[in-house]
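Shown next, in structure tokens, is the structure this report addresses.
Nothing in this text is a laboratory measurement; each read-out follows from the coordinates by a stated rule. In this text, all values refer to a predicted model and were calculated from it rather than measured experimentally. Positions of Cβ are backbone-derived with ideal geometry, glycine not excepted, and every protein chain shown enters the neighbour counts.
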Amino acid sequence: MRTLPMTFAFACLLSVSTSHAEAADRVTGKPFATRSEIYAPKAMAATSHPLATQIALQTMRDGGSAVDAAIAANAALGLMEPTGNGIGGDLFAIVWDPKTKKLHGYNGSGRSPKALTLDEFKRRGISDIPAHGPLPVSVPGTVDGWFALHGRFGKRTMAQNLAPTIRYARDGHPVHEVIAYYWGRSVPVLSKWPGFAEQFTVAGGMPDERRAPRKGETWRNPNLANTLEKIANGGRDAFYKGDIARSIDAYFKANDGFLRYEDMAAHRGEWVEPVSTNYRGYDVWELPPNGQGIAALQILNLLEPYDLKTYGFGSPEHVHLFVEAKKIAFADRAATYADPAFYDAPVERLISKPYAKERGRLLSLERAARNVEPGIIPELNEGDTIYMTTADADGMMVSLIQSNYRGMGSGMAPPGLGFIFQDRGEMFVLKGCDAKPAHPNCYAPGKRPFQTIIPAFVTKDGKPWLSYGVMGGAMQPQGHVQILLNMIDFGMNLQEAGDAPRIQHDGSTEPTGQNAAMSDGGEVDLESGFPIETIRALMRKGHSVRFADGPYGGYQAIMVNPEGGYVGASESRKDGQAAGY
């Protein structure tokens, strides 16, 4: 994310505050909308890459379920958008099953290596886990997640689901614009790690020069094709217990890493019960920690008492109330969200209406809070991303999110395997872990780190209404809330809700312990399109407003059409596509 100094930022906001309205002369809908919603009578897919969307649709045309389509598309995105995801990362999903008329949640996050101890970090003098290299690597949970979802809801074979990606990996596909941009930024940072440059760059113009593929260039990844072929033929154990796992073990032993065959072989994700709150008649569903989804529910509870519709989208009250509610929810997020096997967060209380009423007393309509303490102090308890959604003709809907973290992840890419390992371990806390009680997210071997990736789902009167998500670290719960405010309070359609200019508050205390407790109120990033009157009013309330380039996330959504079929929307800030048949 790029941010500009305050004086220059204000000048930029003055000059671009109406740019969304001037972007296109549409004859219908909001002036900032980039396109119409997509309607289809039988099936729908919305992903961040058009080819992945087409793979999902073809999978369903060929008799696959929405889960088959989600797996096929997710595999394709790992190839086509390695800047956000891949089989070296983790996966979370929420599935609406039309047979049981119930939501099912899956937590596919991996654990830290058993051989890497807190004492090892101390011995190395490390107080914050680094972003890249072998130390932040945790077990990748995606492949296990695919097979768990498929075992319960799949119709086609996994070999059939992975076949399109294997073909594209061998034959090649053109790189899209936004992906090429982020790939180009990653190469200088990650090329020093063994296996990355050999597998994720192309030859440059000078001898020994390596660079990222450019927009429109054909990209092939035969190593990933071979890996996926082994998984297709040998099942999940081919990845976690076969030659692939042994290659991973040897690679990390040779490169000062700690991930071992035993860590891979022991991995299992888990089915979890989604949790919800009701916002103005809509039941909003998220997964419980170690993810951050319940932050969205807390923010919605804090905002529900206010008449946002009367205030209006983009008003000073709208932006101010949203930012202040986020600060309050994120104070609890920093203190209590962690692996439930190590800390039993009081989820029911955190997302309850009485707790929101109690915490809502901190929210002032007149002034921006400079610091917010958590409402619950834990006691010791023993014990870059893609989002996509699919929906099929039988009524099954899948909300799925998958990530390497920090774009292309750790940079650790075992030779011959064609993927990069995630760096989710960076999200652990190292400071103060000897204290009693220690922070719930303190590092421990075999522990799942705090996770930012969260799928979402909304039901109304017990029926499916919306499957959606917004990518982007701490932006994700903020984005989840803004989409619903845009639709429920401000009357926008599915595409307009994603195209509307977004708000991001930055600077809250983090669950990683890397940032000191917020003491200055943080920063409010506003996309182009907010009125200058709103910006001035926010500053008078004590907010620090700035212009930030690119941190506002990526959105995909499918809504049930009350007239039959589905409505789809895709993020205009990325390369994606919503389409159906």
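Using a ≥ b ≥ c from the Cα gyration tensor of the stretch 106-203 (square roots of the eigenvalues), is it rounded, prolate or oblate, where a/c under 1.5 gives rounded and otherwise the larger of a/b and b/c decides, a/b for prolate? Here the stretch 106-203 falls in the oblate category. Think of the chain as a dipole: +1 on every Lys or Arg Cβ, -1 on every Asp or Glu Cβ, centred on the Cα centre; then among 36, 554, 258, 258 lies furthest on the positive end.
Take every DSSP beta bridge whose two residues both sit in the chain; close to 95 percent of them are antiparallel.
Filter 42/101; 155/230; 30/102; 101/309; 114/431 down to the pairs with a C-alpha to C-alpha distance above 24 Å, please. Beyond 24 Å: 30/102; 101/309.
Spacing of the modelled spin labels on residue 253 and residue 341, each 7 Å from Cα toward Cβ, amounts to 2.4 nm. Modelled this way, with points 7 Å down the Cα-to-C-beta line, the labels at residue 27 and residue 539 are 4.1 nm from one another. Calculated mean residue ellipticity, 222 nm, the chain: -10000 deg cm²/dmol, from DSSP H runs (n ≥ 4) at -39500 (n - 2.57) each, averaged per residue and rounded to 500.
If both residues of a DSSP beta bridge must be in the stretch 426-581, then about 85% of such bridges are antiparallel. Computed from point charges on the beta carbon alone (+1 for Lys and Arg, -1 for Asp and Glu), the dipole magnitude for the chain about its Cα centre is near 280 Debye. Its alpha carbons give the stretch 203-358 an Rg and a Dmax of 23.7, 66 Å. The order of the peptides 362-370, 37-45 by mean Cβ neighbours within 10 Å, most packed first, is 37-45, 362-370. Considering only 179, 323, 163, and ranking their Cα positions along the charge dipole of the chain that arises from unit charges at the beta-carbon of Lys, Arg, Asp and Glu, the one farthest toward the positive end is 163. For the stretch 467-542, taking the reciprocal of the average inverse distance between every pair of different Cα atoms yields a Kirkwood hydrodynamic radius of 14.1 Å. Look at where the Cα atoms of the stretch 330-360 and of the stretch 98-159 average out, and the two centres are 23 Å apart. A simple charge model with +1 on the Cβ of Lys and Arg, -1 on the Cβ of Asp and Glu and nothing else charged puts the dipole of the stretch 96-198 at about 460 debye relative to its Cα centre. If I take every Cα pair under 8 Å that is 6 or more residues apart in the stretch 266-379, average their sequence separation and divide by the length, what percent do I get for the relative contact order? Relative CO of the stretch 266-379 lands at 28 percent. Using only alpha carbon pairs under 8 Å that are at least six residues apart, calculate the relative contact order of the stretch 86-197 and give it in whole percent. 25 percent.
Shown in residue order for the stretch 179-187 are the 3J(HN,Hα) couplings computed by the Karplus curve 6.51 cos²θ - 1.76 cosθ + 1.60 at θ = phi - 60°: 4, 4, 4, 6, 4, x, 6, 7, 4 Hz (x for Gly and Pro). Among 442, 203, 512, which residue has its Cα furthest toward the positive end of the charge dipole of the chain, with +1 on Lys/Arg Cβ and -1 on Asp/Glu Cβ? My answer, from the dipole projection, is 203. Straightening the chain between residue 99 and residue 237 buys 46.7 nm, computed as 0.36 nm per residue apart minus the Cα-Cα spacing.
Computing Kirkwood radius over Cα pairs in Å for the structure here picks out one of (1) 25.2; (2) 23.9; (3) 26.8, namely (2). Each residue of the stretch 299-309 was assigned a 3J(HN,Hα) from its phi angle through the Karplus expression (A = 6.51, B = -1.76, C = 1.60, θ = phi - 60°), giving 5, 4, 4, 5, 8, 4, x, 9, 8, 5, 4 Hz with x at Gly and Pro. Rounded if a/c is under 1.5, else prolate if a/b is larger than b/c, else oblate: which is the stretch 309-409, with a ≥ b ≥ c the root eigenvalues of its Cα gyration tensor? Because a/c hits 1.5 or more and a/b fails to exceed b/c, the stretch 309-409 counts as oblate. Taking a ≥ b ≥ c as the square roots of the eigenvalues of the alpha carbon gyration tensor, the stretch 18-173 is oblate, as a/c is not under 1.5 and a/b does not beat b/c. Our coupling estimate for the stretch 48-56, obtained by passing each phi through the Karplus curve with A = 6.51, B = -1.76, C = 1.60 and θ = phi - 60°, is 8, 8, x, 5, 5, 4, 5, 4, 4 Hz, Gly and Pro reported as x.
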